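Contents: one structure, followed by commentary.
Read the figures in this text as sums done on the coordinates, not as results from a lab. Nothing here was measured: the structure is a model prediction, and the numbers come from that model. FYI the Cβ positions are ideal-geometry reconstructions off the backbone, even for glycines, and counts take in every protein chain you see.
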Amino acid sequence: MATTTATPAAARPAAADDLGAHSLAGLLERNARAFPDKPAVIHPAAGPRRDGASPAYRTLTYGRLQQAVEELAAGLTRAGITKGTKTVLMAPPGPELFALAFALFRVGAVPVVVDPGMGVRRMLHCYRTVGAEAFIGPPLAHAARLLGRRAFAGIRVPVTLGRHRLGRARTLAAVRALGARGGAAAPVAAGRDDLLMIGFTTGSTGPAKGVEYTHRMALSAARQIEAVHGRTRDDTSLVTLPFYGVLDLVYGSTLVLAPLAPSRVAQADPALVVDALERFRVTTMFASPALLGPLAAHLAAAAPGRHPLPDLRCVVGGGAPVPDTTVAALRRALDPRARIHVTYGATEALPITSIEAEELLGPEDGGEGGGSGVGGAGSGGTAARAAEGAGTCVGRPVPGIGLAVLPVTDGPLTGSVPHLPTGRVGEIAVRGDCVSPRYHHSPDADRLHKVPDDTDPAGPAWHRTGDLGYLDDDGRLWFCGRSAQRVRTGTGDLHTVRCEGVFNAHPQVRRTALVGIPASPDSGWGRGGRTTTRSGTGSGGTGTARGATESSVAAGNGNTSTAAAPTTATDNGPAHSATPPCETTGNGTPRRPTPARVSAVSAPAHSATTVSGSSGRAAAVSGSAASAAPGSETVVGGSAGSTSAPGATTAGARAGSAAAGMAAEGSGTARSRTGGRGSAGDGTALGGSATAAPPGVAPGGVPADPRRNRLRPVVCVETVDEDLDEAAWQRLTAELRTLARTHAPTTDLQEFLHHPGFPVDIRHNAKIGREELARWAERRLTPPTPLTPRQRAARIVPLAGWAYLVGGAVWAAAFGVPEARLPRLLWWADAVLSTAGHAVQIPLALPRARTAGIGRPAAVGLTMLYGATWWRQL
């Protein structure tokens, strides 16, 4: 059961109510007046150090920090940065960053923050759309500003963090000296709904959008994190995300900057992180799974049993899905009193929900190894049910957050929008003081993501997160994937997280990614659903389909007999597919049982089918057979852990099945994941859709994309053994198909592709590049497109260069070097272009080649041979 550490009122930062009575800058000033000599920021000292040596640290007290803030605020004001000035802030994590941020808050200026990991082109687009007027950054950033004049046309006050001026930019030291000479000024009064900051979304599933943070939103987030994680001013916090460092200074606690590069978190040395945790007796930390995973492994290997970190009482994971195996490893390694939380949030709303390790994994059994079951978890946690295809349990809403599940649609929601009942999959929507009220200068984004509440017109609007999920009977939220990444087929929508959880449980699978590629007219995917299965036999003319673990016969009268699965069929309204969001899920990313191969098991209809690993957990348990006539009510029962939604009915001829529901159409069978039939253009959405739209129009009234509504689902698989041979891959594929057939959310998934290594977000090493994987899968499964005459001609050029280079070398060896100067100059120019010119392109070609599933040796060879004429087409 989730726990929230209660904090005595005397230990809180003055009192939680004070957070609503001050600005962020005012709270920092209050702390500095109360305890000026208390350490505020402890940071690694700049300068070189020996490999493996612990870094030296420096300390900045609250009094010195407040002095720097006041001097910078006065200097920025005299330089022209005043209330409302939108200011690009590009500073590495350190004392300067926090001093500048609070100085800008103090004068009422608006910092503009963009994640540099999104790439230069997207960053420039963000700065251009926001219309920044001031720029504070290091010399390299100013060089980019001077080159990208279009994006920074409105900059009138540049400030450099370097020691020397660049162009007309002032140095930070000069700005601070200017403020010190004139004396500190009082902070600018700010209203609760005044603009505090603009932060941009990552743009991983669409264009990056500027999110407006108000003072009310920031103070509310501070209050909620304080309540959920029991934060106090007595804490010492390890910071890997600057936003949490700002909150530490608001609480009055001490923050320790982790010894790592924010853009390369996955490459951080966990030994140095542990050194900082021990040296400064850190009590709480926030980190992404890219750091928590290596940290847990290091702690487990450092010493048997518990690692001596008795001061660390709270660990918060977020920023990307945190694997339950990571949470279990941390729980085994840390002190039993430590609490491990996993948070769910968004750039527009942080935090939304939180779940603690005990509820996620179940209570520890206290035996050797920290428990039983998967990953050392007990048997009662939500993570144990991820392999059944329910998604990821992300916990309960934090205090002050309103949460609803809305119908799925790609367009705006207008009018009276119904909230879906418990157990129905839809789009997650939130409201509250900690939710951003709007996007910056983006009315189209506001129209799409902000939904007014008809029951409370004066209150805040609902914010559509773009995530899919559902609420269970205990009020917990289960995450099913991104709405933009759902794979839409003629039989319904497939959700990434629900489907991938089934396959990630296989011990030979490292992780999987569900993608959709355009379906060819004769592929069987599209309007009528797929008529045959990849494995087993099928005959569309006789209306039968068989798989290794199912036996279903559908006659022309629409009656279907199948083996029942431990799922619940829910009614999605007329002409919509039913979905059984099994009351199951795990914490997110890959969960693998301990070594055991999942084997294919054949079973006749009406029998129980079990696929299990060494953990002793049944992957699927079938109940009794069931059949449904059109319009009849179906309740599909099975094992403990599955629940029936009230009023669950069938839409047309459907029946629950361990493999799938079968929708009869004429004399043939159409395979449906959950029973029932959907049309490619009818706006069908799994587990709760908006009102059906006319043919050719997507829900919300926007034109339907025929490629999007007619997709062929493919599962890309990254295995534990990267050098899996063909025979082993075929065996694994058969086992994955067996898993797919025994779980309702994955019944239609029969195509699997082995990928050597997924493209991932370099900032977290967790977010998968699905668009790149989809392009790779499409190239693998569709006939290669012949080169155009222009492309063939372009490839002749580098080949001719190599021929001239080799021919010239042979000629010189056989007949001597020509005396004519022109052939010699041409040969040397060709040598430079064909060797050095192609070699410098290898770093650019390798990421594209890896995404395309091409090995490193082949990619290097083809790049050296063809240069850019090869890799630019990937």
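Can you list residues whose amide H is under 5 Å from Thr214's amide H, if they're 5+ apart or on another chain and H is modeled 1.01 Å from N?
Those lying under 5 Å, H to H, from Thr214 are Leu196.
Can you compute the modelled spin-label distance between Thr59 and Ala793, with each label point 7 Å from Cα toward Cβ, in nm?
Roughly 7.2 nm, to one decimal.
At 0.36 nm per residue, and after removing the present C-alpha to C-alpha distance, how many nm does the segment from Thr782 to Asp37 gain when stretched out fully?
Length gained between Thr782 and Asp37: 261.5 nm.
Provide the packing ranking of 384-397, 142-155, 729-742, i.e. peptides ordered by the mean count of other C-beta atoms within 10 Å per residue, highest first.
Working: 384-397: 28.1, 142-155: 15.9, 729-742: 21.5.
The densest-packed peptide leads the list: 384-397, 729-742, 142-155.
Do you know the relative contact order of the range 402-471, to the nearest whole percent, from alpha carbon pairs under 8 angstrom that are 6+ apart? Provide the component values of the computation, followed by the final result.
Numbers: 115 pairs, mean separation 27.2, N = 70.
Computed value for the range 402-471: 39 percent relative contact order.
Sequence-distant or interchain residues sharing an amide H contact under 5 Å with Phe135, placed H: which?
Val88, Val157, Val159
Amide H neighbours of Gly391 under 5 Å, counting only residues 5+ apart in sequence or on other chains, H built in-plane at 1.01 Å?
Gly586
Read phi for every residue in the range 236-244 and hand back ³J(HN,Hα) as whole Hz from Karplus 6.51 cos²θ - 1.76 cosθ + 1.60, θ = phi - 60°, with x for Gly and Pro.
So the Karplus estimates, Gly and Pro as x, are 10, 10, 8, 10, 10, 10, x, 4, 5 Hz.
Give the relative contact order (percent, whole number) for the range 235-380; include only Cα pairs under 8 Å separated by 6+ residues.
So the answer I get is 17 percent.
Go through the range 332-343 residue by residue and turn each phi into a ³J(HN,Hα) via Karplus (6.51, -1.76, 1.60, θ = phi - 60°); whole Hz please, and just put x for glycine and proline.
5, 8, 8, 4, x, 7, 5, 10, 10, 10, 10, 9
Full extension from Asp275 to Leu147: what is 0.36 nm times the residue separation minus their Cα-Cα distance, to one decimal in nm?
Contour length minus Cα-Cα distance gives 41.9 nm.
Quick check on packing: order 210-216, 715-721, 835-841 by the mean number of other C-beta atoms within 10 Å, highest mean leading.
The most tightly packed comes first, giving 210-216, 715-721, 835-841.
Provide the per-residue ³J(HN,Hα) series for the range 186-193, in order, calculated from phi with Karplus coefficients 6.51, -1.76, 1.60 and θ = phi - 60°, each as a whole number of Hz, with x at glycine and proline positions.
Once θ is set to phi - 60°, the couplings for the range 186-193 become 5, x, 6, 5, 10, x, 4, 9 Hz.
What distance in nm lies between label points placed 7 Å from Cα along the C-beta direction at Lys83 and Leu844?
Placing both labels 7 Å beyond Cα along the Cβ direction yields 4.9 nm.
Residue separation times 0.36 nm, minus the C-alpha to C-alpha distance between Arg165 and Thr414: what's the value? Walk me through the numbers on the way to the answer.
Values: separation 249, 0.36 × 249 = 89.64 nm, distance 5.24 nm.
Roughly 84.4 nm would be gained on extension.
Taking every pair of distinct Cα atoms and averaging 1/r, then inverting, what Kirkwood hydrodynamic radius in Å comes out for the range 789-871? Walk me through the intermediate numbers first.
On the way: mean 1/r = 0.0721 Å⁻¹.
Over the range 789-871, the inverse of the mean reciprocal pair distance is 13.9 Å.
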